[in-house]
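Below is one structure, written out as structure tokens; comments come after it.
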Amino acid sequence: MPLKPLLVSALATLGAASPLYHRAANETFVFTNANGLNFTQMNTTLPNVTIFATGGTIAGSDSSSTATTGYTAGAVGILTLIDAVPSMLDVANVAGVQVSNVASEDVTSDILLSMSKEITRVVCNDPTMAGAVITHGTDTLEESAFFMDATVNCGKPVVIVGAMRPSTVVSADGPFNLLEAVTVAASPKARDRGAMVVMNDRIASAYYPTGKVAIDVANMTAIPRVAILFSYEDMHNDTLYNAIESGAEGIVIAGAGAGGVTTSFNYAIEDAINRLEIPVVQSMRTVNGDVPLSDVSSDTATHIASGYLNPQKSRVLLGLLLAEGKNITEIAEVFALGTDA
């Protein structure tokens, strides 16, 4: 759901403000708020934005200024990223929090759960904060964005941003992406739009298109393990049972077509549902499309259709619903909000 007019409008404010003070690279922070966030400047005429850094290509580094492959992801700290974009301070007062510094494949449910709670604590519950930005690797960015959309529900913008080229390359796209992300997070027009992804001059919604849910993670301590299994010809049933025996409390199938699996594997799914009480969500391995309930429903078990959610997003949602303690019937009702009949 592109929202480019919002970005254009927000970027139009660049240069309009005149910060009182910019922090030099060798200086200490000029302001620490009541939540312990350290700001590189404090101009009371500007909104406040906190950047939560997780790593990724946007924080990538290499000894060569022309290396766009083979670099080390998550090598540059948040303050270096902030200092590389001084014009950001014409848009907002910025605080940086180093959550992790890893390639996005190593972002875990524990990291996301902790970060969601922290955003709620220091951004949502602070009336002086306009919004949050999360710097993230692109490989799993959509999953983290979806998680934040479901779990940060205060109306303030949470903007996830990444880059396709590391920070040390001459053509690095991260700095301008970060500038745009902060600009969107600082804009009043970004409120009540859920989590958003900002890259390459575009704004996209983290949750598409219907059936959005709001989940309170305040009392959650962990997200149960959910496995994704890929459907293929001659699919073997033991992949399902092995996943469950290894600790998966929920299963998502990246099904062929509209969630399809072999006849034999379908029997195994129904056994897992009925005998083992494991929820199984049938999604699609195709890039686009949806899984309507009518394509996977059965009179002998509570099959769950993913609707428009791909396997990655289905896994995130199923894990959160399991963490809430929902049973198979209740989980099916939530997924049904985003499915066709």
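Observations on the structure shown:
- Top-ranked residue in the range 52-67 [being under 24 Å from the mean Cα position of the chain (by Cα) and β-branched (Val, Ile, Thr); ranked as surrounded by the fewest Cβ atoms within 10 Å (Cβ to Cβ)]: Thr57
- Selection count where residues are surrounded by fewer than 18 Cβ atoms within 10 Å (Cβ to Cβ), among the aliphatic types (A, V, I, L, M) and over 18 Å from Gly257 (Cα atoms), scope the range 304-341: 2
- Under the condition of being farther than 15 Å from Ala204 by Cα, assigned to a helix (DSSP H, G or I), touching a residue at least 40 places away in the same chain (Cβ under 8 Å) and not acidic (Asp, Glu), the residues counted in the range 114-146 number 8.
- The one condition from (1) surrounded by fewer than 21 Cβ atoms within 10 Å (Cβ to Cβ); (2) part of a loop (DSSP other than H, G, I, E, B) that Ser167 does not meet is (1).
All of the numbers you see were taken from the coordinates with simple rules; none came from a lab. Predicted model only: the values in this text are computed from it and were never measured. Heads up, the Cβs are rebuilt from the backbone with ideal geometry, glycines too, and the neighbour counts pull from every protein chain shown.
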